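Encoded as structure tokens, the structure appears first; notes follow it.
The values are calculated or read from the model by the stated rules, or taken from the named source; none is laboratory data. What you are looking at is a predicted structure, and each value in this text was computed from that prediction instead of being measured. Note that each Cβ is placed from the backbone with ideal geometry, even for glycine, and that neighbours are counted across all protein chains shown. The accessibility values were calculated without ligands, DNA or RNA, using every heavy atom of the protein model including side chains. Shrake-Rupley method; radii C 1.70, N 1.55, O 1.52, S 1.80 Å.
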Amino acid sequence: MAQQELKRDLKNRHVQLIAIGGTIGTGLFLGSGKAIQQAGPSIILAYLIVGIAVFFVMRALGELLLSNAGYQTFTDFAVDYIGPWAGFVTGWTYWFCWIMTAMADIIAVGVYVQYWFDIPQWIPALICLIILLGLNLLTVKLFGELEFWFAIIKVITILALIVIGVILLVIGFETDAGTVSVKNLWEHGGLFPNGVGGFLLSFQMVVFAFVGVELVGVSAAETANPRKNIPSAINKIPMRILFFYVGALIVLLTINPWNQLSAESSPFVKTFTLVGIPVAAGIINFVVLTSAASACNSGLFSTSRILFNLGRQRGGKGPLAKLNKNAVPSNALITSTVVVSIGTLLSKLIPEQAFGIVTTISAICFIWVWSIILISHIRYMKTRPDLREKSTFKAPLTPFINYVVLALFAFILIVMLFSEATRVALLMTPLWFILLFVLYSLRGKPVKY
């Protein structure tokens with residue numbers, strides 16, 4: 001039987017908006033409230049630092065994917081440049097990353113719905129998950145369309161926030177919290193009101209805010225003309241980070257003094273409420289709700305494709321390697337959805353702590369995946385100088401910048417040890433890697449395809 005293949009149905013506009021959707025999600029709309037409480041206005045610098053690091057990860061990812069037409073995701077080149085164990089561990093870890101992220105997003109859906117309805121978090125979370133599963137079972141093109149329109153909503157929202165914020169700044173608008181002014185960035189305890197410690201502790205949530213940016217790489221196997229569309233999407237990431245993260249946060253913090261924002265709710269909703277536009281606040285809550293649904297949608301897409309790819313490594317004979325009549329890996333998709341539904345259980349059992357736990361685990365595991373990409377790129381440069389020479393999309397400042405970013409990631413993990421909110425999750429996460437290494441040692445020899 002011929003090997004079943006994914007369809008290249010994602011067009012340039014889909015890839016571009018998937019890239020935007022991957023850099024604007026629950027981490028910004030909800031998680032930034034917690035990060036602002038930890039770091040104050042210095043959160044802007046934290047987003048800038050991690051954003052620059054992630055851009056270099058993406059450039060390394062882009063060069064590696066385009067160096068071999070057979071590469072469908074980063075697990076493929078991890079096998080070639082580090083070893084089969086790296087492909088196995090990274091593939092399953094990426095699946096686990098997105099499971100945790102999708103759980104966080106589905107928990108966030110429940111939180112946002114409570115803005116209007118006093119119902120348990122887990123009910124809207126479960127309903128949303130079932131709807132997304134049904135839509136994803138149809139075609140990959142429908143996934144692309146969903147992400148396209150979800151991303152459009154996010155972009156319009158942040159544009160509106162920035163425009164309104166600039167107008168309020170120019171006229172010196174008065175809110176219940178005071179005058180809208182750039183002085184709010186330093187007048188309430190300075191740029192580092194909680195010291196360098198608070199600034200450093202915010203990095204966990206900042207890292208989580210950027211998870212999904214590498215989704216462009218996961219979608220490579222279903223992207224029409226990847227040699228044109230993938231570099232285009234990656235090269236636009238820096239401006240998107242500057243505009244959508246740094247720009248939006250500057251506006252938020254000029255309207256709201258940082259100490260007026262809550263760690264438990266969206267600062268975007270709070271901002272429009274403070275400005276005195278309750279209808280707009282409701283609209284923004286709807287937007288951040290669709291953003292969480294969008295991020296969960298991306299999670300279901302990525303986890304199903306990773307499971308499909310892992311199934312193919314077993315010779316394409318397992319149930320996870322099967323496609324339905326629409327060329328969608330339905331078995332892998334259903335499996336991932338069932339696991340993500342545990343997030344709705346967490347929403348029921350520990351609604352207060354659920355979001356923090358899953359975002360910490362997700363951030364730690366994504367640091368592993370991003371590090372494997374950088375290490376693979378270092379090995380690629382050393383072992384395949386011929387491919388490096390022919391590359392039309394060379395990653396800049398390498399290999400020096402790879403080592404710098406790896407050092408930053410290691411430093412962020414060390415910082416997590418000093419926070420009660422992240423220490424337990426950090427110390428428990430190695431159990432996942434121990435389990436994977438044990439399973440790898442017990443498995444049979446993988447089949448190349």
Residues that are open to solvent by 50 Å² or more (accessible area, probe 1.4 Å) and more than 14 Å from Val340 (Cα to Cα), drawn from region 124-136: Leu135
Residue that is modelled with the lowest pLDDT, among those in region 342-354 that are buried (at least 23 other Cβ atoms within 10 Å of the Cβ) and over 19 Å from Thr93 (Cα atoms): Ser347
Selection count, region 146-190, where residues are more than 21 Å from Phe244 (Cα to Cα) and touching a residue at least 60 places away in the same chain (Cβ under 8 Å): 10
Count of residues meeting criterion [in contact (Cβ under 8 Å) with a residue 24 or more places away in the chain and of a type in the set (A, V, I, L, M, F, W, C)] in region 417-427: 4
Verdict on Ile162 being over 29 Å from Gly299 (Cβ atoms) and either of a type in the set (Ser, Thr, Tyr) or over 16 Å from the mean Cα position of the chain (by Cα) (or both): no
Residues of region 192-210 classified as surrounded by 24 or more Cβ atoms within 10 Å (Cβ to Cβ) and part of a loop (DSSP other than H, G, I, E, B), total: 1
Phe117 being among the hydrophobic types (A, V, I, L, M, F, W, C), farther than 15 Å from Ser294 by Cα and open to solvent by 20 Å² or more (accessible area, probe 1.4 Å): yes
So Ile414, is it within 24 Å of the chain's Cα centre (by Cα), free of Cβ contacts under 8 Å to residues at least 60 places away in the same chain and exposed (fewer than 12 other Cβ atoms within 10 Å of the Cβ): yes
Selection from region 137-163 of residues that are among the aromatic types (Phe, Trp, Tyr) and under 18 Å from Ser336 (Cβ atoms): Phe143
Residues being crowded, with 17+ Cβ neighbours inside 10 Å and either among the charged types (D, E, K, R) or at positive phi (or both) - total across region 363-383: 1
Candidate set: region 53-86, residues that are of a type in the set (Gly, Ala, Ser) and out of contact with any Pro (no Cβ under 8 Å at 6 or more places or on another chain); chosen: the one nearest to Lys394 (Cα to Cα): Ala60
In region 250-300, the residues that are of a type in the set (D, E, K, R) and within 30 Å of Gly144 (Cα to Cα): none
Number of positions in region 389-407 that are open to solvent by less than 40 Å² (accessible area, probe 1.4 Å) and assigned to a helix (DSSP H, G or I): 4
Filter result for Trp186 (open to solvent by 10 Å² or more (accessible area, probe 1.4 Å), closer than 22 Å to Thr157 by Cα and at pLDDT 75 or above): no
Boolean, Thr139 is under 31 Å from the mean Cα position of the chain (by Cα), at pLDDT below 85, open to solvent by less than 40 Å² (accessible area, probe 1.4 Å) and of a type in the set (Ser, Thr, Tyr): no
Residue match in region 68-76 (condition: open to solvent by less than 10 Å² (accessible area, probe 1.4 Å) and more than 30 Å from Asp386 (Cα to Cα)): no
Subset of region 326-341 [modelled with pLDDT of 80 or more, farther than 25 Å from Asp80 by Cβ and either outside any loop (DSSP other than H, G, I, E, B) or among the aliphatic types (A, V, I, L, M) (or both)]: Ser330, Asn331, Leu333, Ile334, Thr335, Ser336, Thr337, Val338, Val339, Val340
Candidate set from region 35-48 (those that are more than 13 Å from Val207 (Cα to Cα) and of a type outside the set (A, V, I, L, M)); member that is most open to solvent (accessible area, probe 1.4 Å): Gln37
